[in-house]
Amino acid sequence: QVQLVESGGGLVQAGGSLRLSCAVSGLSFSNYGMGWFRQAPGKEREFVAGISWSGSSTYNTDSVKGRFTISRDNAENTVYLQMNSLKPEDTAVYYCAARQSGYILSRESYGYWGQGTQVTVSS
């Protein structure tokens, strides 16, 4: 059974930092690209950051460039999202997802999803 379990969300003031983790089990983690998405109330789920299976390639959406960093530890089957300089508009439920092929930015490329973790940034 494939499981993706996010943790690390919470309430933080604007300008603060959080580190999200996603522990993965039930699949060959090092064969999958990983991504972080987020969904704010009333909005579509959007791509935030992605990383290749090896960790050698990463991609961030424009709104988080310079602030968020995605990384992975294949020995621990875990992917991370370090979020710095948080803004109120970063408030959303954050999801990690696993992708075996397809376009890194496309939600449809990701076949496995976690349950999400809430991030709330106060002004």
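The values are calculated or read from the model by the stated rules, or taken from the named source; none is laboratory data. For clarity, every value in this text was computed on a predicted model and none was experimentally measured. Methodologically, a virtual Cβ is constructed for each residue, glycine included, from the backbone with ideal geometry; neighbour enumeration extends over all protein chains shown. Quick note on the areas: whole protein, heavy atoms, side chains included, nothing else; ligands and nucleic acids left out. Shrake-Rupley method; radii C 1.70, N 1.55, O 1.52, S 1.80 Å.
Within the range 82-116, the set of residues being farther than 15 Å from Gly35 by Cβ and charged (D, E, K, R) comprises Lys87, Glu89, Asp90. Out of Tyr103, Tyr94, Tyr80, one residue alone is over 18 Å from Leu18 (Cα atoms), touching a Ser or Thr at 6+ places or on another chain (Cβ under 6 Å) and aromatic (Phe, Trp, Tyr). It is Tyr103. Which one is farthest from the chain's Cα centre (by Cα) among residues in the range 54-83 that are crowded, with 22+ Cβ neighbours inside 10 Å and in contact (Cβ under 8 Å) with a residue 60 or more places away in the chain? By that ranking, first place goes to Met83. In the range 102-117, how many residues are farther than 19 Å from Thr61 by Cα and surrounded by fewer than 14 Cβ atoms within 10 Å (Cβ to Cβ)? Counting residues in the range 102-117 that are farther than 19 Å from Thr61 by Cα and surrounded by fewer than 14 Cβ atoms within 10 Å (Cβ to Cβ) gives 1. Within the range 84-101, the set of residues being farther than 11 Å from Phe47 by Cα, surrounded by 16 or more Cβ atoms within 10 Å (Cβ to Cβ) and among the hydroxyl-bearing types (Ser, Thr, Tyr) comprises Thr91 only. In the range 106-122, is there at least one residue being among the aliphatic types (A, V, I, L, M) and touching a Ser or Thr at 6+ places or on another chain (Cβ under 6 Å)? Within the range 106-122, one or more residues are among the aliphatic types (A, V, I, L, M) and touching a Ser or Thr at 6+ places or on another chain (Cβ under 6 Å).
Just for the range 26-53: of the residues that are open to solvent by 30 Å² or more (accessible area, probe 1.4 Å) and under 16 Å from the mean Cα position of the chain (by Cα), which one is nearest to Gly116 (Cα to Cα)? Per the stated criteria, the residue is Gln39.
Before we move on, is Ser63 modelled with pLDDT under 95, of a type in the set (S, T, N, Q) and outside any strand (DSSP E or B)? Steps first, please.
Working: modelled with pLDDT under 95: no; of a type in the set (S, T, N, Q): yes; outside any strand (DSSP E or B): yes.
When the stated conditions are applied, Ser63 does not pass them.
Quick grid of which residues meet (1) part of a loop (DSSP other than H, G, I, E, B); (2) of a type in the set (Ser, Thr, Tyr); (3) over 19 Å from Leu4 (Cβ atoms):
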site: Phe37; (1), (2), (3): no, no, no
site: Lys43; (1), (2), (3): yes, no, yes
site: Ala49; (1), (2), (3): no, no, no
site: Gln82; (1), (2), (3): no, no, no
site: Ala97; (1), (2), (3): no, no, no
site: Tyr103; (1), (2), (3): yes, yes, yes
site: Gln118; (1), (2), (3): no, no, no
